[in-house]
Amino acid sequence: MLPVKLEGIHHVTCITADAPGNVEFYARLLGLRLVKKTVNQDDPTVYHLFYADEKGSAGADITFFEYPHARRGRAGAGMVHRIVWRVVSEEALDFWEQRLGAAGVTTSRDDGHLRFSDPEGLDLELAVVESNDEPLVARHSEIPPEHALQGFDGVRAYAADPERSRPLLEETLAFEPRGTDGYKVGGDRREGWYRYDEPPGEPGVGGAGTVHHVAWASLPDEHEAWQQRVGRAGARPTPVIDRFYFKSIYFREPSGVLFEIATIGPGFTTDEPLEHLGEKLSLPPDFEHLRAQVEPLLTPLPNPRG
């Protein structure tokens, strides 16, 4: 089956040096649901934490690898430097400005936008957006549903020469140009955007508080065709990798940003019931034999819904 459009952002994966603090910020303060507590399948001695809406939907899923002794990173050329979520109103921004301020988080507000950083310096933004997409909302006792985060809107990346990426983005991945150095990404289910900014003078440094990669969502029956299409464009994708909760391919776009194309499903209820997502350490079947070795190495985490 020939692929047509990617279905917006699937997930964004970042790095933390402090998993307990990460849970406190993203689950308790921002109100996202910790939907999967598992391990990095390329290094099963460290956590891979997934936060999303109530159902663990693609499009709302920010994930973190925990490296407990990771240095503080800094975004630079070839890296995503800001993650933007949707909210529905200026009143929602009022709510978040007050909530974040009460927690000691510095914010900066402009018309329809509220910027702030997580405790490790990752640049985040809430934007008032009108959309026909399904609102991807998590339940939280302190956050009214009408003010809750509603899924990703887009990501901003640094690129020294955005024009180098244009052929791959437009011709291969079917991103639609929007304004200067910006693209719309979307299909029938969901859409988002990808934008470039001029990089800072200092080079980027990977580490805590930086984005590792951004994943774009594919319908399952189009995934292999995307892998072949990216390969024909010379972007050197990985083979399809079965991550159990979804299937993935990885490649770097010409600016240096690491892209993933991930399938929508099977999803996080593959090994846990919806009502108990994220409560226990989940290991895909190929990693279950490592449980006795891995569990003692992982940092104890608070229960954000306890």
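Derivation of every value follows stated rules applied to the coordinates shown; laboratory data play no part. Since we're looking at a predicted model, the values are computed, not measured. Don't worry about glycine lacking a Cβ; one is built from the backbone with ideal geometry, like all the others, and counts go over all protein chains shown.
Cα extents for the chain along the principal axes, largest to smallest and rounded to whole angstrom: 50, 48, 39.
Each of the peptides 229-242, 48-61 was scored by the mean count of other Cβ atoms within 10 Å over its residues; in descending order, highest first, they stand as 48-61, 229-242.
Relative intensity of segment 147-250 on a log10 scale, I(q)/I(0) at q = 0.11, 0.19 Å⁻¹, equals -0.41, -1.23, per a Debye sum over C-alpha point scatterers of equal strength in the absence of solvent. Between Arg189 and Asn132, the modelled label-to-label distance comes to 1.8 nm, taking each label 7 Å out from Cα in the direction of the beta carbon.
Alpha carbon centre of segment 229-267 versus segment 127-201: separation in Å? First find each Cα centre; the distance between them is then 18 Å. Could you work out how far apart the two model spin labels at Val205 and Asp221 are, taking each label as a point 7 Å from the Cα in the direction of the beta carbon, and quote it in nm? For the pair Val205/Asp221, the computed spacing is 4.9 nm. Seen from every direction in turn and averaged, the convex hull around the alpha carbons of segment 1-104 projects onto 9.6 nm².
Placing dummy labels 7 Å off each Cα toward the beta-carbon, the span from Glu171 to Val240 is 2.6 nm.
Would you mind calculating the gained length between Arg178 and Gln293 on full extension (0.36 nm times residue separation, minus the Cα-Cα distance), in nm to one decimal?
In short, 36.5 nm is gained.
For segment 179-306, taking Cα atoms only, Rg and Dmax work out to 18.1, 52 Å respectively. Which of the three applies to segment 1-50, rounded, prolate or oblate, going by the alpha-carbon gyration tensor with a ≥ b ≥ c and a/c under 1.5 meaning rounded? Judged from the Cα gyration tensor, segment 1-50 comes out oblate (a/c at least 1.5, b/c at or above a/b).
For the pair segment 13-41 / segment 77-123, the C-alpha centres are spaced 17 Å from each other.
Applying Stokes-Einstein at 37 °C and 0.692 mPa s to the Kirkwood radius of segment 93-206, computed over alpha-carbon pairs, gives a translational diffusion coefficient of 200 µm² s⁻¹. Taking springs between alpha-carbon atoms closer than 10 angstrom, which of Thr106, Thr13, Thr172 fluctuates most in the Gaussian network model of the chain? Maximum fluctuation in the GNM of the chain, among the listed residues, is at Thr106. Dimensions of segment 75-160 along the principal axes, based on C-alpha atoms and rounded to the nearest Å, stand at 40, 33, 24, largest first.
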